[in-house]
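Right, one structure below, let's go through it.
Any read-out appearing in this document is the output of simple, stated calculations on the displayed coordinates, not a laboratory observation. Treat the numbers as computed from the prediction; the structure is a model and nothing was measured. Glycine gets a Cβ as well: all are built from the backbone with ideal geometry, and neighbour counts include every protein chain shown.
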Amino acid sequence: MNVFVVNCGSSSLKYQLINSDTEEVIAKGLCERIGIDGRLTHKPTGKEQVVKEVAMPDHKSAVSYVLEELTDPTAGVIKDLSEIDAVGHRIVHGGEKFAQSVVITDDVMKAIEECNDLAPLHNPANLIGISACKALMPEVPMVAVFDTAFHQTMPKKAYLYGLPYEYYEDYKIRKYGFHGTSHSFVSKRLLQIIGKENGDSKVIICHLGNGSSITAVQNGKSVDTSMGFTPLDGLIMGTRSGSIDPAVVQYIAGKKDYTIDEVLNVLNKQSGVEGISGVSSDFRDLDAASMEGNERATVALDMFAYRAAQYIGSYVAAMNGVDAIAFTAGIGENNFKVRKAICDYLGYLGITIDEQANAVRGEEIRLSTEDSKVAVYVIPTNEELAIARETVALVG
Ligand code: AMP
């Protein structure tokens, strides 16, 4: 079965065509600057990459260009659209309405729209992506896979905030958590590796990328996670502040004469390791600057590892133990210094790391030594494959 996986942003569209039997990527690519001008980068596996500047006034035209490339007589990978058996859409926010992936119907689209308020930048774009694909492939079954769904198993004590209860009832203010597709994919693989797919298990997944979150997974279910009502909460990230005292918002607004929206923009886009270091949000740049003696880059890296170790510690307490920990995403898969810095805080758990194994990048590997009391792994995430698998499970 060929599954077309679509991830729509407000001005972008990432896609992969995946053969779900072999789990191989047949082609992948990206449409950028939708609604501005338009640029398509298409990578058919085993063929030359195609880059085209083409007018993309809207998402429908972007999808249309992608489908043209997929079926192009030379650069294409399929003969015609009948070779696309299903479409899997990444949807950012499912609120409390979706605890798992669903086949997309008109009612489902309405329910996603009702969550727009909770993710005003993302859900409308996701819905536009669905409509664009439906218009061009009306007969093809489509599935919605939510970033929030995996975390719907969190207990009330973990997801409620210490606010008046009616704010939860009236406005749905609570912790939702994100990166759910990745946390689900990596935790399933980790449980497979440690042979605890069906038994009692306690694992912690560290998704460390430009956006970062850590999740406590007990018996295969998310029981707590570091992102909250929005992805701004929790860890210090590339440009996001992570958790701060909420009173700081008012204080910045007063000092800088900013509106709340402007302060939120600072917390989302000018903070995190970039804001602290003044260097970059990219950990490769931070490592280089730190090596050259840049103290703010060094403190940004220290803060990142410290906060991550604090979350891991709190989740060990929440679950009363941990069997294994996995690192994933850009930093988690590639940055051995960050992994080492985090694990150095975890000696009290009896964790010891094999430095040689930790030098490996971007591959599934066990980092912990044989005698480490807790197993530590790198497990590359693959959100597109996870979406393809969910899609096949529902319409295959
Ligand atoms: P992500 O958001 O998952 O793409 O992660 C982005 C972060 O991962 C950046 O801070 C990069 O420094 C880091 N990263 C991604 N790829 C690599 C790589 N090959 N080597 C080192 N760091 C990487």
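Looking at segment 366-391, which of its residues are surrounded by fewer than 18 Cβ atoms within 10 Å (Cβ to Cβ) and of a type in the set (Val, Ile, Thr)? Hit for segment 366-391 is Thr369, nothing else.
A quick yes/no check of all residues on (1) crowded, with 20+ Cβ neighbours inside 10 Å; (2) more than 11 Å from the ligand (Cβ to nearest atom); (3) without any contact (Cβ under 8 Å) to a residue 40 or more places away in the chain:
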position	(1), (2), (3)
Leu286	yes, no, yes
Tyr306	no, yes, yes
Tyr311	yes, yes, no
Gly321	no, yes, no
Cys343	yes, yes, yes
Gly347	no, yes, yes
Thr352	no, yes, yes
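The test for being within 14 Å of the ligand (Cβ to nearest atom) and touching a Pro at 6+ places or on another chain (Cβ under 9 Å) does not hold for Ala359. Here Ile276 passes the criteria (1) within 16 Å of the ligand (Cβ to nearest atom); (2) more than 28 Å from Gly362 (Cβ to Cβ) except the one numbered (2). The set of residues in segment 324-339 being assigned to a helix (DSSP H, G or I) and either among the aromatic types (Phe, Trp, Tyr) or away from the ligand (no atom under 14 Å from the Cβ) (or both) consists of Phe336 alone.
Checking each residue of segment 43-66 against the condition of being hydrophobic (A, V, I, L, M, F, W, C), in a strand (DSSP E or B), touching a helix residue (DSSP H, G or I) at 6+ places or on another chain (Cβ under 9 Å) and in contact (Cβ under 8 Å) with a residue 60 or more places away in the chain gives no match. If the condition is being closer than 20 Å to Gly129 by Cβ and surrounded by fewer than 22 Cβ atoms within 10 Å (Cβ to Cβ), then segment 41-62 contributes Thr41, Lys43, Lys52, Val54, Ala55, Pro57, Asp58, Lys60, Ser61. Taken across segment 202-215, residues that are surrounded by 20 or more Cβ atoms within 10 Å (Cβ to Cβ), small (Gly, Ala, Ser) and away from the ligand (no atom under 16 Å from the Cβ) do not occur at all.
Step by step: first the residues of segment 292-312, then only those that are of a type in the set (Gly, Ala, Ser) and part of a helix (DSSP H, G or I), then the one that is farthest from Ile276 (Cα to Cα). Which residue is that? Once the filter is applied, the top-ranked residue is Ala309. Here Glu96 passes the criteria (1) crowded, with 17+ Cβ neighbours inside 10 Å; (2) under 20 Å from Ile387 (Cα atoms) except the one numbered (1).
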